[in-house]
There are 2 protein chains.
Amino acid sequence: MKDVTERTGQEPSKQRLRVWLNLLKINRGIEAELRGRMRTEFGTTLPRFDVMSALYRHPDGLIMSALSSMLMVSNGNVTGIVDRLCDDGFILRVPVPGDRRAARARLTPAGRQEFERQAEVHEVWVAELLGGLDAQECAVVLDLLTRIRMNETESHHV
Amino acid sequence: MKDVTERTGQEPSKQRLRVWLNLLKINRGIEAELRGRMRTEFGTTLPRFDVMSALYRHPDGLIMSALSSMLMVSNGNVTGIVDRLCDDGFILRVPVPGDRRAARARLTPAGRQEFERQAEVHEVWVAELLGGLDAQECAVVLDLLTRIRMNETESHHV
């Protein structure tokens, strides 16, 4: 069996670095594009969309710390985002029984409806931006990304 | 030929959304890990490392706007970062001939040395965090990511 460097013309660590830099670039490019479209189309931001998405998946609501840990986009100021979504009538704060200081954030019916409207278009955009991949290639990418994540979890806090 | 939904059990747009959400998660996880290690090991940040990396690849220096557009990590306050790297003796501002108000940022010899020291360890970390992929899988990922990027560029500003 040939040496890895010989087969690929690159040291393995250099090649993994290239993978990482490409992941960063793609992430940055797609996020910038989605950010612009969310602003133009819905007058909203990715962190706002992200907060609504997490709450949509948890109809009973989430306390702030749970919400923070769930966000896909950089957290930003979650409390501030929730405050503004409350002002807009998309989120309601409900008391947590047995803890007078805590509150769960929950989507209002208007919030659920608004999120569904945004999510539908967001999905079309993502499908368009990732349109270079067909179904089989998507499956391959998903498989390889899962492998990275499993290994990454093992490598954490070494 | 079978319908895509039939073959994969998912609508194509749902599958591409899954790819995107996985890209986001991986990006977020690896960045968080690298951020922590850069701070602990070198007392530095990813945007600082990123600025030094761009300048390392441009030994003649870069004006601020060129530097900003080149950064991989979110830009942050590039001017502020450059100011602090100047204070640390890692960057020098050199005048641009014919434009009295402009200046190029350039790494000092100490800056080049410090970046090399950090980059070497950074590469080892990335290789470890992406250790779940062998050389062939890296090549497959790179190929598929390139396809996303090419399509993404076409989809921009539609």
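Observations on the model:
- Chain B Cβ-axis minimum, rotational copy A, residue and distance in Å: B:N27, 2
- Within the listed set B:E128, B:E114, B:E33, the Gaussian network model of chain B (springs between alpha-carbon atoms below 10 Å) gives the highest mean-square fluctuation for B:E128.
- Its relative contact order, with pairs defined as Cα atoms under 8 Å and 6+ residues apart, puts chain A at 18 percent.
- Shortest-first distances to equivalent copies, position B:G98, nm, label 7 Å out along Cβ: 7.4
- Of the residues B:V140, B:V124, B:V82, the one with the fewest other Cβ atoms within 10 Å heads the list, and the complete ranking is B:V124, B:V140, B:V82.
- Within a Gaussian network of chain A (alpha carbon springs, distance under 10 Å), most fluctuating of A:R28, A:R93, A:R106: A:R28
- Zone residues, segment A:112-151, relative to B:N151, backbone N less than 13 Å from point 7 Å out along Cα-to-Cβ: A:124-142
- With respect to chain B, whose longest principal axis is taken over its alpha-carbon atoms, helix B:109-129 is tilted by about 20°.
- Label point 7 Å beyond Cα along the C-beta direction, distances from B:I63 to other copies (nm, shortest first): 5.4
- Chain B: most fluctuating residue of B:S53, B:S13, B:S68 per GNM, C-alpha cutoff 10 Å: B:S13
- Dmax and Rg, reported as Rg then Dmax, of segment B:12-155 (C-alpha, Å): 17.8, 55
- Inter-copy label distances at A:R37 (7 Å, Cα→Cβ; nm, one decimal): 3.4
- Value of [θ]222 nm, deg cm²/dmol, for chain A, DSSP H segments ≥ 4, -39500 (n - 2.57) each, nearest 500: -22000 deg cm²/dmol
Each value in this text was obtained by applying a stated rule to the coordinates, not by laboratory testing. In this text, all values refer to a predicted model and were calculated from it rather than measured experimentally. Neighbour counts are summed over all protein chains in view; Cβ atoms, including those assigned to glycine, are modelled from backbone coordinates with ideal geometry.
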